[in-house]
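Down below is the structure, laid out as structure tokens.
The values are calculated or read from the model by the stated rules, or taken from the named source; none is laboratory data. As the structure is a computational prediction, the values presented were derived from the model and not from experiment. Neighbour counts run over all protein chains shown; Cβ positions are idealised from the backbone, glycine included.
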Amino acid sequence: MSSKICKMLGCEVPIFAFSHCRDVVVEVTRAGGFGVLGASSFTPEQLEVELRWIDDHVGDKPYGLDIVVPGRYSKEAEAHAGRLDALIPAQHQAFMDKILEDAKVPPLPPGEAERIHDEILEIGRNRTPTGGMRLVQIALKHPQVKLLVSALGEPRADVVQVLHERGILVGALCGKAAHAVRNLEAGVDVLIAQGTEAGGHTGDISTMVLVPQVVEAAAGRAPVLAAGGITRGSQVAAAMALGADGVWCGTLWLGTRESELAPFEKEVMFAAKSEDAVRRRCRTGKPVRMIKSQMSEAWEQPDAPKPLLAPLQSVLYNPAHERVVRAQRKELYSHAAGQAVGDLKHETSVKDVMYTLQLEYAQAVERMASLSE
Ligand SMILES: Cc1cc2nc3c(=O)[nH]c(=O)nc-3n(C[C@H](O)[C@H](O)[C@H](O)COP(=O)(O)O)c2cc1C
């Protein structure tokens with residue numbers, strides 16, 4: 001199981017793993033796939049530590065990095081030099097506080113609250129063009145980073161140029177064929193066709209419909225990875241049959257022992273059905289597929305304020321989420337996850353997942369071949 005993209009990036013199999021967890025990135029890469037670290041939840045200083053750790057554990061293999069810079073963001077936040085929470089309207093803060101108070105979720109411990117808050121505000125800045133560039137600068141210091149992926153908008157031409165000069169390929173997520181065209185014009189080398197069933201920010205079109213449309217739009221100019229809903233080797237085979245060069249998975253890794261999720265968070269994932277992974281705006285201001293909870297549904301009620309523009313909704317949501325996690329309140333817990341969450345039943349390991357995907361892929365290909373005998 002190999003394709004053009006393996007040669008372009010120097011991996012053995014075209015299985016790409018998006019994860020915020022360095023252990024997942026390292027284990028997938030060591031198993032022959034290509035790990036991509038979701039960088040938008042780190043401060044530049046934290047990212048430097050993470051990348052150094054990955055460099056130390058991944059041998060001489062290449063890996064990637066993913067940043068999120070929304071096309072529509074709060075210009076006020078971009079220009080604001082002070083604390084971003086100063087820009088949260090009182091009505092929004094009061095609504096969020098009431099959800100937590102009504103549910104009797106304890107506040108964060110003193111001191112800790114301030115530390116976490118500052119960190120979250122700092123991370124909120126990553127989701128502006130200037131903030132995203134700070135992360136790119138860190139990536140440039142790590143020569144094994146061979147792919148930089150941009151979510152939620154085309155990368156800037158000057159950024160693409162710098163990356164290309166350093167031999168780094170540029171990838172971009174596409175939720176429709178028009179995104180693929182715009183990304184190719186911006187100089188993107190790898191297109192990730194992400195269907196609506198995916199976890200995280202997601203569009204309206206399903207993977208089955210989107211992948212061939214993006215393949216057609218790419219017209220051989222860039223390889224396409226299929227993303228959204230993939231947890232089985234048969235789906236990898238289906239993606240290749242649709243014209244993809246490989247697959248890009250996110251939800252699948254949440255159930256591995258290497259994943260960053262705490263045991264109580266994994267229990268939520270293993271109990272969730274596919275229909276529990278819904279699209280809501282309360283997390284970042286844009287539609288994110290996430291596990292449905294009392295928190296996500298409160299923001300859907302008619303009395304809820306309209307979610308804020310990025311990055312301000314995250315600045316409001318993330319401290320509340322941290323309180324929920326610390327209190328281990330499953331009924332309020334809404335982590336990003338795709339419809340594939342319904343396939344996660346118990347803890348696995350990255351090594352097992354990589355093996356099973358390839359075994360099932362081979363079985364699916366054999367089954368297909370037998371159809372034309
Ligand atoms: C928990 C989680 C967080 C995500 N965060 C990001 C992100 O920060 N940047 C990004 O490009 N994609 C993000 N995604 C989307 C993934 O890159 C990927 O496209 C998606 O997970 C694929 O679909 P799947 O979830 O069905 O495997 C996230 C996905 C999950 C599950």
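Meeting the requirement of 1 or more residues that are closer than 22 Å to residue 28 by Cα, the helices (runs of 4 or more DSSP H) wholly within the stretch 249-363 are 263-271.
Only helices (runs of 4 or more DSSP H) whose full extent lies in the stretch 44-114 are considered here, and the ones with at least 2 residues that are modelled with pLDDT under 85 and either away from the ligand (no atom under 16 Å from the Cβ) or under 30 Å from residue 297 (Cβ atoms) (or both) are 75-79.
Give the residues of the stretch 306-355 that are of a type in the set (Ser, Thr, Tyr) and within 12 Å of the ligand (Cβ to nearest atom), sorted by residue number.
Keep residues of the stretch 306-355 that are of a type in the set (Ser, Thr, Tyr), which gives 314, 317, 333-334, 348-349, 355.
Correct list: 314, 334.
For the stretch 124-154, a residue qualifies if it is closer than 15 Å to residue 52 by Cβ and of a type outside the set (S, T, N, Q), and the qualifying residues are 135, 138, 139, 140, 141, 142, 143, 145.
Can we say residue 337 is touching a residue at least 40 places away in the same chain (Cβ under 8 Å), surrounded by 22 or more Cβ atoms within 10 Å (Cβ to Cβ) and not assigned by TED's automatic domain parsing to the domain that holds residue 24? Taking the combined requirement at face value, the residue satisfies it. When residue 141 is tested against (1) touching a residue at least 60 places away in the same chain (Cβ under 8 Å); (2) within 16 Å of the ligand (Cβ to nearest atom); (3) part of a loop (DSSP other than H, G, I, E, B), only condition (2) is not met. Do the conditions hold for residue 251, that is, is it under 15 Å from residue 199 (Cα atoms), at pLDDT below 95 and crowded, with 22+ Cβ neighbours inside 10 Å? Against the criterion (under 15 Å from residue 199 (Cα atoms), at pLDDT below 95 and crowded, with 22+ Cβ neighbours inside 10 Å), residue 251 does not qualify.
Contact map, the stretch 342-354: residues that are over 12 Å from residue 232 (Cα atoms) and touching a residue at least 12 places away in the same chain (Cβ under 8 Å) paired with residues that are in a helix (DSSP H, G or I) and acidic (Asp, Glu), Cβ distance under 6 Å, separation 6+ or inter-chain. Pairs shown: 350/27. Take the conditions among the basic types (Lys, Arg), assigned by TED's automatic domain parsing to the domain that holds residue 30 and surrounded by fewer than 21 Cβ atoms within 10 Å (Cβ to Cβ) and apply them to residue 306. Does it pass? When the stated conditions are applied, residue 306 does not pass them. Annotation: of all residues in the stretch 185-201 being in contact (Cβ under 8 Å) with a residue 40 or more places away in the chain and near the ligand (Cβ under 9 Å from one of its atoms), the one that is nearest to the chain's Cα centre (by Cα) is 200.
Reported count of residues in the stretch 321-334, each being crowded, with 20+ Cβ neighbours inside 10 Å and of a type in the set (A, V, I, L, M, F, W, C), is 2. Counting residues in the stretch 204-217 that are under 25 Å from residue 358 (Cα atoms), within 13 Å of the ligand (Cβ to nearest atom) and not in a helix (DSSP H, G or I) gives one or more. Pairing each residue of the stretch 315-330 that is at positive phi and at pLDDT 95 or above with any residue that is surrounded by fewer than 21 Cβ atoms within 10 Å (Cβ to Cβ) and part of a helix (DSSP H, G or I), provided the two are 6+ apart or on different chains, yields C-beta distances under 9 Å for 328/264; 328/265.
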